[in-house]
Amino acid sequence: RRWTRGAGGDSLRHFFVNLCGGLVKDHDGNEYASVFVGNAPKRYCWTKQNLKTTSYSSGEDAPNMIYNAVGHSDETANLATYGRLYDWYAAVNLPSGSTDEPPATANGGYVTGICPPGWHVPDSNNILSLTDIDAFDLMADILWLTPGTDPGSGFYALPAGFYSYNNNRFENMLGEAYFWSCVKHSHSEYWVCTLQTGCNKVSTDDITAESGVSVRCVKNQRYDNDGNELND
């Protein structure tokens, strides 16, 4: 809640803003908790769950997939727990196979992509901020083959696996988590953040754009360690 003085200067009124820690809603009506991750000046507000939306904020359909493999074929359960997977084009709202740069907002150059308004697909600064943190502190304490230590108050990454375009199959549920960035590293490969079971390092990898990966969104703002907004 923030306070501001009325137009006449003789009264105070208040209004609500979407501060970190509240709920974020996508176009489909799915709600996600939000949480501060990292330390200033690399402190950002992230969604705490993987996206589940089938729509962009414009209402247009967003291509997506649900993990389905031998031993993990219950798509209803997989969707409820791990969210949907998206290829890179869907994540950044480009036509499949496009060679264009992702559309960015005028304010800050953020790529909204599949995220709700005021939020964006992680950029390189957001991804690199996670590499400064022990991976076990980002990984949930359930479902992983080697559980993390996050009890639910932080990033709470779940081992959603991914869809391998090169192998044409879903892989690594319970063992790995991948998150798209908006960053293009080569003609055919794009940057992801990766957490692996039993490993305390957060890594970055390049994978093909057609692969299916989880998406977390970041609010279009940085914060200090007290939760106050920082000016870029």
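The values are calculated or read from the model by the stated rules, or taken from the named source; none is laboratory data. All of these numbers come straight from a predicted model, not from anything done at the bench. Note that each Cβ is placed from the backbone with ideal geometry, even for glycine, and that neighbours are counted across all protein chains shown. Only protein heavy atoms, including side chains, enter the accessible area calculation; ligands, DNA and RNA are left aside. Shrake-Rupley method; radii C 1.70, N 1.55, O 1.52, S 1.80 Å.
So, N172, is that one touching a Pro at 6+ places or on another chain (Cβ under 9 Å), on the phi > 0 side of the Ramachandran plot and open to solvent by 60 Å² or more (accessible area, probe 1.4 Å) or not? Judged against the criteria, N172 is a match.
Among helices (runs of 4 or more DSSP H) entirely within region 29-136, having at least 2 residues that are modelled with pLDDT under 95 and open to solvent by less than 30 Å² (accessible area, probe 1.4 Å) singles out 124-131.
The set of residues from region 175-204 being open to solvent by 10 Å² or more (accessible area, probe 1.4 Å) and under 16 Å from the mean Cα position of the chain (by Cα) comprises E176, Y178, C182, V183, W191, V202, S203, T204.
Residues in region 175-224 that are under 26 Å from H72 (Cβ atoms), assigned to a strand (DSSP E or B) and of a type in the set (S, T, N, Q): S181, T194, Q196, S203, T204, T208, S214. Do we find a residue being out of contact with any Leu (no Cβ under 7 Å at 6 or more places or on another chain) and open to solvent by less than 50 Å² (accessible area, probe 1.4 Å) anywhere in region 140-147? Within region 140-147, none of the residues are out of contact with any Leu (no Cβ under 7 Å at 6 or more places or on another chain) and open to solvent by less than 50 Å² (accessible area, probe 1.4 Å).
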